[in-house]
């Protein structure tokens, strides 16, 4: 069980000590303490500072030996040269878990030998300690207090993220934390995030061993610069992917990429083809793009999984429908021409100007119930599609309200403004029947609107639990990767 794994203690400490924190906003350790305050962390916080009486409202201690208990976890943000001495002090205190944020270890290049990594590993072994880092941004656990929606153990992310079942392990601190800067623009929540940095002591394999048993992890995201335990990674990934999909970004293989890796964490980038082979053999979903990384996780967590690769397209404009179809086929998806029976059913309800073979192009038509409910239901019930991409879920009321701001237009307009309450009710009536049918028939539906993601109507779509994209490339690309993964699972049965 995950609670027996040693990483559980890193994510669920009852007390934390900090080296390097002060009351200045530019201090990374201070930011981490502020994250704990914002995240309503209920454990004890012990700043260690030679000169200050308190840090961010918490009583400070000159040395860790003065702290009134043995902290479950110690976070270190100090110059690399003094870290070995700090590790000794922590070991003598009795703490067994350290997060080493500091850089200046293996990633340093240039003249002179740097054996600091060997020193701190030797000290850690001497005292039976484990540590994450160096050169990392810490950890995040959104399920620290499951009953409290606003609570987390968080020293890595600046925003409040809603609880979800997507967990990350990353050799880049940025990918484990900075991608969550704008949570209102991501309909994906987070379970846990582990920034492992240089992996001097704890690596991605350890993270996978933890996530495989974690009930609050259903989809795993990885950022990889190198694999130190390739054989173990391969063995573990094969066990995980039949039950929990893994999405991975591998950075390396190019001359510039490998050069950047060496200066970043000291990693030696491998041949990209080798990693491609590893990912293919284990069923890991590979992407090179952060947005796609998040899109794939969103589809896997929020939509029923498709049974195949047949895509039905509903659109109110010909161009987007054609582009979806073209892109889908290039990515290995199928856009089947509908049966004669299904085409006849569509003919009866569509305008004479519409097309109905697939894509279904309604042209510009304002009959919202049949666009949002009847057409998707017909395709789902037909058994001829495995997923639907629907373009044109535009908030016409948003557009009309914008026109009404013009005094000259408002004098002549004969269309009313609908209250927020009525628009909320309309969105629910249009979306909920189709989302229920999506689950019933196991046919995911991905909506696309060219409007702003934070427009009132777009928010109403998202608040109803639907998956919404701006423009049409992203849902096709993500769905294609999901279908590849499902095909892998099917072949491995």
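Bear in mind these aren't lab numbers, they're just calculated from the coordinates by the rules spelled out. Note that the structure is predicted; figures quoted are calculated from it, not measured. Cβ: placed from backbone, ideal geometry, glycine included. Neighbour counts: every protein chain shown.
The long axis of helix 473-492 is offset from the longest Cα principal axis of the chain by roughly 70 degrees. Taking a ≥ b ≥ c as the square roots of the eigenvalues of the Cα gyration tensor of the stretch 20-61, is the shape rounded (a/c under 1.5), prolate (a/b larger than b/c) or oblate? Oblate shape, in that a/c is at least 1.5 and b/c is the bigger or equal ratio.
Helix 420-441 sits at what angle to the longest principal axis of the chain, using alpha carbons and giving 0 to 90 degrees rounded to 10? The angle comes out near 90 degrees. Among 427-435, 143-151, the peptide with the highest mean count of other Cβ atoms within 10 Å heads the list, and the full ranking is 427-435, 143-151.
Determine the shape class of the chain: with a ≥ b ≥ c the square roots of the Cα gyration tensor eigenvalues, call it rounded for a/c under 1.5, and otherwise prolate if a/b is greater than b/c, oblate otherwise. Note, shape of the chain comes out prolate.
Would the stretch 315-393 count as rounded, prolate or oblate if I go by the C-alpha gyration tensor, calling it rounded below 1.5 in a/c and otherwise prolate when a/b exceeds b/c, oblate otherwise? It comes out oblate by the Cα gyration axes. How many percent of all Cα-Cα pairs in the stretch 372-493 sit more than 22 Å apart? So the portion of pairs separated by more than 22 Å is 45 percent. Across the stretch 75-220, the relative contact order, built from alpha-carbon pairs under 8 Å that are at least six residues apart, equals 23 percent.
Semi-axis lengths, largest first, of the ellipsoid equivalent to the stretch 1-160 are 24, 18, 16 Å, with √(5λ) applied to each eigenvalue of the Cα gyration tensor. The mean sequence distance of close C-alpha pairs (under 8 Å, at least 6 residues apart), as a share of the length of the chain, puts its relative contact order at 11 percent.
Site pair residue 271 and residue 341 shows an inter-label distance of 5.3 nm when each label is modelled 7 Å from Cα along Cα→Cβ. Rounded to the nearest 10 degrees, the inclination of helix 255-264 to the longest alpha-carbon principal axis of the chain is 50 degrees.
Averaged over residues, the count of other Cβ atoms within 10 Å places the peptides 320-328, 51-59, 171-179 in the sequence 171-179, 320-328, 51-59, highest first. Of interest is the spacing of the C-alpha centroids, which for the stretch 181-219 and the stretch 1-70 amounts to 21 Å. Sorting the segments 391-403, 14-26 by their mean number of nearby beta carbons within 10 angstrom, highest to lowest, gives 14-26, 391-403. Using just its DSSP H runs of length 4 or more, each adding -39500 (n - 2.57), the chain gives a mean residue ellipticity at 222 nm of -12000 deg cm²/dmol after division by all residues.
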